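Read through the structure below, which is laid out as structure tokens, and then see the notes.
The values are calculated or read from the model by the stated rules, or taken from the named source; none is laboratory data. This structure is a prediction, so every number in the text was calculated from the model and none was measured. Note that each Cβ is placed from the backbone with ideal geometry, even for glycine, and that neighbours are counted across all protein chains shown. The protein model used for the area step is the full one, side chains on, heavy atoms only, and it has no ligands, DNA or RNA in it. Shrake-Rupley method; radii C 1.70, N 1.55, O 1.52, S 1.80 Å.
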Amino acid sequence: MTGNAIEQAPALVALRDRYRLDREQAIEDFTRHPAPGRLLASLSRAADRCLRGLWASTMPDGGALAAVGGYGRAELFPQSDVDLLILLPAAPGPELTPCLERFIGACWDCGLEIGHSVRTIDECLREAESDVTVRTNLLERRPLAGSRRLYSLLGKRMESGLDPRAFRSAKILEMRQRHVKFDDTPYSLEPNTKESPGGLRDLQTMQWIARAAGFGANWNELAQAEILNAEELRVLRGAERQIRQIRAMLHVTARRREDRLVFDLQAQVAAALGIGDGSARRASEALMQRYFLAAKSVSQLTTIILQNIDERLFDRAGHEPEPIDAEFCNREGLLETVDDDLFERDPSAILRAFLRLQQRSELSGMSTRTLRAMWHARDRIDAAFRSRPENRALFLQLLKSERGVTHELRRMNQWSLLGRFLPPFRRIVGRMQHDLFHVYTVDQHILMVVRNLRRLTIPEHAHEYPLCSQLMASLERRWLLYIGALFHDIAKGRGGDHSLLGRADARRFCRQHGMSRDETSMVVFLVEHHLTMSQVAQRQDLSEPAVIQRFAGIVRNEERLTMLYLLTVADIRGTSPKVWNAWKGKLLEDLFRATKRELAGDTPDAAERLDAKRAEAVRLLNLYALSPDVYREFWSRLDIAYFLRNDVQDVAWHTRMLSRHTATRTPVVRSRLAPIGEGFQIVVYLPDQEDLFARICGYFDSKSLSVLDARIHTTEHGYALDSFLVIDPSGASRYRDILALVESELTERLKRRTKLAQPIRGRLSRRSRYFPVKPSIDLRPDENRKHFLLSIVANDRTGLLYRIAMILGKHGVNIYTARIATLGERAEDVFLVDGPPLTNPKHQIQIETELLAALQPD
């Protein structure tokens, strides 16, 4: 039936108009009072009323109409499909087919977005036998119209052919596969409220399994069957309501079928639900924390529900548990309490349970019975519990253990225990960080940092970061590092400097737990300065002795330096897989080694450093049988700054590549794979020319390559000797295969000296568009007041460095070094520059104004 046809049928027009009115009214009521249960029921009733009228108007007697899927549960979300089963006594013939077509067309004409199947009972059973999804849909059937006898017959035959154990196994396998597809974590940046771990689909899976086993069709019936108790039922209903509310508002806000909490919609959904203080960033973070806490509760309770169902479904008779002590036993490799009331009677046993897991390598985890008892006793971890010396000692013992520190801290957090023992930690559980480089919630990031530190203690992983593993092995008080990691970001989201606020929390913890003054001082230092080392390494010129001396004054001794270095590496690696790279690792290692020499008093002056570098470069060049006469002539054209700013390996490579081209007028471009193991190096040598740095950056920009480091040098005879460390951010390039092409194309571009092309106005990612970085510029004299340090922070995007280079070149600003730090989608670039315009305040303001305009997103 077409739209024109329905206009000719007054009864169908009335059904359509009534359905639209009912639907609009239900959504309007929800936006005023966001009660998801009322909305889902109202939308289901509106669809029921319309479908029954359409069925009566278009279909003959004999068939049956049933709601299935989410609609079968009477849980119809605003943009969800209306899933229908048209059940027939026999395959449709020529007389029935036109009726079916009219019914289905009328559904669409009325605005019902249906998903339908037309089957006989035998076809239903065959499909259900081979496809667990079909079986699940049919399990949730609900009669709407037509033959009750036919509908009842389907139910009887379905129940007689259902194997609850096989169905349970199929649904759990399906759930695990779905979890893997959705990153196997509830804490994704853009979680799917329906399909992600901890989402509504997990709750539905538990209901399907329970229903197939005959324990009940809803939560109340599961509680009556003692699958859930009253407290579990209360928490579960609250979490379900929260996620339903967010998903429903997603549908209303997006006006499309959108189950993902995408960046574009997070702030809008938060505003619609009255969450936040007006700031889009803070509103989004508050919404996401609310969702993550609900998803966490779902994950906890589905574990408990499934275990309780399994105990009824399967015969668990097996070996007798092996006693461990008076409190615990080993039941088939899982820690189990001897007495279900243990944690209520003696809450300290909660911490002792985690200690037993650390101490007994044969245990792989806790039984669900133990986890359930622990979850119910979680409120016993209160102020009195935290103040007991026995419990404080137990927690420190957990951190000092030789094994299982990460596993047990994660388990404590998973079951909402860690935040109860550390109240400041509870505030950051589920808190998202919209800073464009953290991809984990704060609590997950902190535990990832602890995991990274612990990984350095495992010999099997020593090859990943050899220096870090060696340093970790030399530390006697590793557990102080773990406390520093637990507190380094614990004050995120409070406003103010989280390093200083976290320092106060850390000091309080240390004093309460009876730690010595020296131990307290170490932890407080690590928390306060956990960002300092990365800022110095990535933003300052490490060839300047004053930079090293000032940093050495902050750390004061080698133990503090070592711990801060290890925490910094673990912290950067724990933000996102995309943030850490070999170049950052080299900068941090260079700073560590230089500071260690400074602390030991083994710091040569500039002349000694120059002689040592030249001597080592000569040793390397001798391996290639390069004539001393050749490289001595080349070196005579280079000043001290060149040797001090470049690594010995780079000096030797430049010399081999360029020493025979000292007076060439043709650009020389050479490349090699980067010794650090990531990216490639380019060195360019030619008579200096206007806008050279911008021209080279423009080439890299055109090839979607990113510059990590640039060192710009002008020789005594007016030649440019510029070197670059370059990567492909997408990871798609096979660097060895493109080196020759890069050399050829860049050489040709430099020969032509064509006019600089306008930079590409690179598009920002969705995340950057909705949570932009406020551009900032800082221009100040360097340590020796010979040059200026230009620091730039902005959203990273294609063409950014090229645009900056063009503006600096236009104003006659000379670039000596460029250090490009990309933290996820946030660019933090530092340039060492000079030039007459920088000494003129008016001109300096003009440069900063133009740079800020270039950094602004479109």
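For Leu84, state whether it is in a strand (DSSP E or B) and crowded, with 21+ Cβ neighbours inside 10 Å. Against the criterion (in a strand (DSSP E or B) and crowded, with 21+ Cβ neighbours inside 10 Å), Leu84 qualifies.
None of Ile777, Ile807 is touching a residue at least 60 places away in the same chain (Cβ under 8 Å) and in contact with a helix residue (DSSP H, G or I) (Cβ under 6 Å, 6 or more places away or on another chain) except Ile777.
In summary, Pro459 fulfils each of the numbered conditions (1) surrounded by 18 or more Cβ atoms within 10 Å (Cβ to Cβ); (2) free of Cβ contacts under 8 Å to residues at least 12 places away in the same chain; (3) more than 16 Å from Asp443 (Cα to Cα); (4) of a type outside the set (S, T, N, Q) with the single exception of condition (1).
Of all residues assigned to the stretch 331-339, at least one qualifies as being touching a helix residue (DSSP H, G or I) at 6+ places or on another chain (Cβ under 8 Å), open to solvent by 10 Å² or more (accessible area, probe 1.4 Å) and either among the aliphatic types (A, V, I, L, M) or in a loop (DSSP other than H, G, I, E, B) (or both). Among all positions in the stretch 217-228, there is no residue which is of a type in the set (Val, Ile, Thr) and part of a helix (DSSP H, G or I). Selection within the stretch 463-488: residues that are of a type outside the set (A, V, I, L, M, F, W, C) and either in a loop (DSSP other than H, G, I, E, B) or in contact with an Asp or Glu (Cβ under 9 Å, 6 or more places away or on another chain) (or both). The member of this set that is farthest from His530 (Cα to Cα) is His463.
A residue that is at pLDDT 95 or above, within 18 Å of Arg378 (Cα to Cα), of a type outside the set (A, V, I, L, M) and out of contact with any strand residue (DSSP E or B) (no Cβ under 9 Å at 6 or more places or on another chain) occurs nowhere in the stretch 454-466.
Does the stretch 643-652 include one or more residues that are among the polar types (S, T, N, Q) and without any contact (Cβ under 8 Å) to a residue 40 or more places away in the chain? Yes: one or more hits.
The rows are residues; the columns are (1) at pLDDT below 95; (2) of a type outside the set (Lys, Arg); (3) touching a Leu at 6+ places or on another chain (Cβ under 9 Å); (4) assigned to a helix (DSSP H, G or I).
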residue	(1), (2), (3), (4)
Arg49	no, no, yes, yes
Leu54	no, yes, yes, yes
Ala66	no, yes, yes, no
Pro78	no, yes, yes, no
Pro94	yes, yes, no, no
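Among the residues of the stretch 306-327, write down those that are free of Cβ contacts under 8 Å to residues at least 40 places away in the same chain and surrounded by 15 or more Cβ atoms within 10 Å (Cβ to Cβ). Residues satisfying the conditions are Pro321, Ile324, Glu327. Phe592 satisfies every condition listed in (1) in contact with a Lys or Arg (Cβ under 9 Å, 6 or more places away or on another chain); (2) among the aromatic types (Phe, Trp, Tyr); (3) part of a helix (DSSP H, G or I) except (1). Taken over the stretch 570-605, the criterion of being touching a residue at least 12 places away in the same chain (Cβ under 8 Å) and hydrophobic (A, V, I, L, M, F, W, C) is satisfied by Ala570, Ile572, Val579, Ala582, Trp583, Leu587, Leu588, Leu591, Phe592, Ala594, Leu599, Ala600. All of (1) open to solvent by 10 Å² or more (accessible area, probe 1.4 Å); (2) more than 18 Å from the chain's Cα centre (by Cα); (3) within 14 Å of Pro424 (Cα to Cα) hold for Ala491 with one exception: (1).
Taking the criterion of being within 39 Å of the chain's Cα centre (by Cα), surrounded by fewer than 17 Cβ atoms within 10 Å (Cβ to Cβ) and outside any loop (DSSP other than H, G, I, E, B), the residues of the stretch 660-696 that qualify are Arg672, Leu673. Kindly indicate whether any position in the stretch 709-729 is of a type in the set (Lys, Arg), open to solvent by 70 Å² or more (accessible area, probe 1.4 Å) and either farther than 30 Å from Phe263 by Cβ or in a loop (DSSP other than H, G, I, E, B) (or both). For the stretch 709-729, residues of a type in the set (Lys, Arg), open to solvent by 70 Å² or more (accessible area, probe 1.4 Å) and either farther than 30 Å from Phe263 by Cβ or in a loop (DSSP other than H, G, I, E, B) (or both): absent. Is it the case, given these coordinates, that Arg614 is surrounded by fewer than 20 Cβ atoms within 10 Å (Cβ to Cβ), under 44 Å from the mean Cα position of the chain (by Cα), free of Cβ contacts under 8 Å to residues at least 40 places away in the same chain and not in a loop (DSSP other than H, G, I, E, B)? No; evaluated as a whole, the condition is false for this residue. Annotation note: of Arg803, Arg785, Arg826, the sole residue that is under 21 Å from Ala537 (Cβ atoms) and either surrounded by fewer than 21 Cβ atoms within 10 Å (Cβ to Cβ) or not β-branched (Val, Ile, Thr) (or both) is Arg826.
Scanning the stretch 494-530 for residues that are open to solvent by less than 60 Å² (accessible area, probe 1.4 Å) and in a loop (DSSP other than H, G, I, E, B) turns up Gly495, His513, Met515, Ser516, His529, His530. Number of residues in the stretch 622-640 that are exposed (fewer than 15 other Cβ atoms within 10 Å of the Cβ) and touching a residue at least 12 places away in the same chain (Cβ under 8 Å): the value is 5.
Close Cβ contacts (under 7 Å, 6 or more residues apart or on different chains) running from residues in the stretch 231-244 that are in contact (Cβ under 8 Å) with a residue 40 or more places away in the chain to residues that are among the β-branched types (Val, Ile, Thr) and buried (at least 20 other Cβ atoms within 10 Å of the Cβ) comprise Glu232/Ile304; Ala239/Val298; Ile243/Thr193. In the stretch 563-588, the qualifying residues are those that are among the aromatic types (Phe, Trp, Tyr) and out of contact with any Phe, Trp or Tyr (no Cβ under 8 Å at 6 or more places or on another chain), and the one that is least open to solvent (accessible area, probe 1.4 Å) is Trp583. Of all the residues in the stretch 237-293, those that are within 18 Å of Gln433 (Cα to Cα) and assigned to a helix (DSSP H, G or I) number 22.
Under the condition of being open to solvent by 30 Å² or more (accessible area, probe 1.4 Å) and more than 17 Å from Val68 (Cα to Cα), the residues counted in the stretch 94-121 number 10.
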